[in-house]
Structure formats: C-alpha cells, structure tokens
Amino acid sequence: MYLASVFNNNFILFSIRLLSALILLTFCFISCKKDDSPINSIPANDYLDQHNIDNDSIIDFMQNHFYNYNDYVNLSPDDGPELIIDSIKGDNSNKTPIYDQVSSFQIDVKDSDGNLFPHTAYYVIMREGSGESPTVADSVYVRYKGMLLNKDVFDQRKSPIWLQAKNVVRGFQEFVPRLKKGSFDINVDGTYKFNDFGIGFVIMPSGLGYFNSPVGGLPSYSPLIFHIEMITINQTDHDNDSVLTINEDLDGDSNFDNDDTDSDSIANYLDPDDDNDGILTKDEYDADGDGIADDSDGDGIPDYLDNE
Ligand SMILES: [Ca+2]
Ligand SMILES: [Ca+2]
Ligand SMILES: [Ca+2]
Ligand SMILES: [Ca+2]
C-alpha cells in the first residue's frame, strides 16, 4: 500500500512536471515577446528598412492568396471554421485575393532610444462578436492559429486557452481589441457552448512579431499571420488597486512595464501604492466615490499619483 502510494505520488509529480514542461514549451511561441527571448538574437535591422521589406512581402502575399471566405458565410452561432489560406491559381484562379478584403491599422514601435516607427498590420474580421472587446491589457480566452507567409502553421490552439494580451506579440495584442467576445450556454453535461464570438485574422510585419529573435526556431524577421476566435475576456487589475491595468499604462504605448510613477522599480500595474505615500491607491483613487480620480490639491495630478 505504502509503496504503491509513493509510486503514485512520484508518478503524479513526474507527470505534472512533464506536463508543465510541455505547456511551457508550447506557450513559448505565443507568449514569448521578442525581448523576452533568452537566446541571443542576431543584430537588429533598422525598423524602417525591415518594415518596408516585410510590407512588400505581405502585400505580395495578399495579392496572390485567398482565404476560405465561403466557409464563413451564414455561420451558425457556435461555428468557428479553421482558417485555410491558399494560392490563387489553377482551380482557384477566380478567388478574391485577401488584398481586396483587408483593413489595416498602424502601431508605433519604439526603439531603445525612444524613436517611434509606424508599423502597418492588415486584418479581416469574419464575425465581429456580440459582447465587449478586450483592451490590450486584458486576459483573453481564445482559440488561435499562427502561420508564416509560406502557410506553415507554427502554433495552434484548437481548445481555448487564457492569454494575457500584454504578454503576447505586439501585433496579436493590438489586434484583439478589434474583436468582441461571445456568449455561452451550459450544456446538460456541464460543458459550455460558445456562441457568436468574434473571429478574425491579422497579418503583421516582423516588427510586431518576433523581429530578430529566433523564437521557437522560426526564421528571424518573419511576418506572422494569426487567426483568432475571441471566446471570452476578463478585465484585469493586476495589483487589485481599483485602477484597471489598461489605465496604468500612463504613456499609452501598450507597454505596462515602463510606467513607474514613484520610481521604486515596481511598475504601476503591479504597485498597490503608486506614489509611495503610504496610502494604498485603492484608498485614495476615488475616496469621494464620484467615479473620477480625486485631485485634492487641484494640480492636475490625481492623488494616487501625487505624493504631496
Ligand atoms: Ca507604458
Ligand atoms: Ca512603482
Ligand atoms: Ca497600481
Ligand atoms: Ca498612494
């Protein structure tokens, strides 16, 4: 009995470790930001030059490829077809190119000197979704598929997983607010049926992906495609200080680690006392409860960021 239970415990521990290692491995693709890469990167190209190269490749790709848009017509609420992209040739010569179906958005990428470089991402929304949109700070419960422009699938989640938008590559992070979450029914067996969740895909230059970092064996400077189903979302307040994480990115650059009002090396989104005055942010943010951050001395700096 005793031996058996030791064996079982060890086996369970081993299994847990193995599972954790596997999860870590698979998570590295999506959750490794390019600056988190432990591997030495090749020297960084100029953002502007690389963006021009990537943008040319992406436009050429979009002009010569189509996606399975017919599969997204008259979707039933719980449908989420897999994105298939193929070349426009042969039997598919008369397909509509992705180029004719995309919208675009621009994101500034900041280099280490603080210079800003505009990057263009292209996207298609196949179904908008029925609920709220996440912010770039929120947790998202998603199914996704990641592809290169050669159509190789480098990462895929067919069962939904929770991701923090701030921990994924920039192009993924900045795209998720364009989708809305869905709703769900609980089946008789206790499982969930998700309905009317947002579905879309985004094509991004490498500067919004892993850039020069060799993450997961992908070629450096790879433009990336992500197909995302926005099942549901969770607003985040990492430090529970009553200020949502999205509102702790004071300079609005979608980087939450570079805002540290009291310079104590704890970024605001993780700091329960943002001005280090000994009064917790949650106790001085909106003490009069009018929904607006208090500013007792009227100097334009709200109390929770004002240690005077
Ligand atoms: Ca910031
Ligand atoms: Ca701080
Ligand atoms: Ca805080
Ligand atoms: Ca304070």
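Mind checking the angle between helix 2-31 and the chain's longest principal axis? C-alpha axes, 0 to 90 degrees, to the nearest 10.
Once rounded, the angle reads 80 degrees.
Please arrange E308, E132 by counting, for each residue, the other beta carbons lying within 10 Å of its beta carbon, fewest first.
Ascending number of Cβ neighbours within 10 Å: E308, E132.
Between 0 and 90 degrees, rounded to the nearest ten: what's the tilt of helix 47-64 against the longest Cα principal axis of the chain?
So the inclination is approximately 40 degrees.
What percent do you get for the relative contact order of the stretch 237-308 when only Cα pairs under 8 Å and 6+ apart count?
Relative contact order for the stretch 237-308 comes out at 25 percent.
What full-extension length gain, to one decimal in nm, is calculated for E128 and D71 as 0.36 nm per residue of separation minus the Cα-Cα distance?
19.0 nm
Once you have a ≥ b ≥ c as the square roots of the Cα gyration tensor eigenvalues for the stretch 32-234, tell me rounded if a/c is under 1.5, and otherwise prolate or oblate according to whether a/b is larger than b/c.
Taking the square roots of the gyration eigenvalues as a ≥ b ≥ c, the stretch 32-234 is oblate.
At 7 Å along the Cα-to-beta-carbon direction for both D251 and D189, put a label point, then send me their distance in nm to one decimal.
About 5.1 nm, to one decimal.
Given springs between every Cα pair under 10 Å in a Gaussian network model of the chain, which of I203, I292, I42 has the largest fluctuation?
Result for the chain, Cα springs under 10 Å: I292 fluctuates most.
Which lysines have a Cα less than 21 Å from the Cα of K180, not counting those fewer than 8 places away in the same chain?
K145, K158, K166, K193
Using the 10 angstrom Cβ neighbour count as an exposure proxy, how do R170, R178 rank, fewest first?
So the residues, fewest neighbours to most, are R178, R170.
Please state the relative contact order of the stretch 32-234 as a whole percent: Cα pairs under 8 Å, 6+ residues apart?
Dividing the mean separation by the residue count of the stretch 32-234 yields 28 percent.
Here, each number is a calculation from the coordinates, and none is a lab measurement. On a predicted model such as this, the values are computed, not experimentally measured, just so you know. Because the Cβ atoms are built from the backbone with ideal geometry, glycine has one as well, and the counts that use them run over all protein chains shown.
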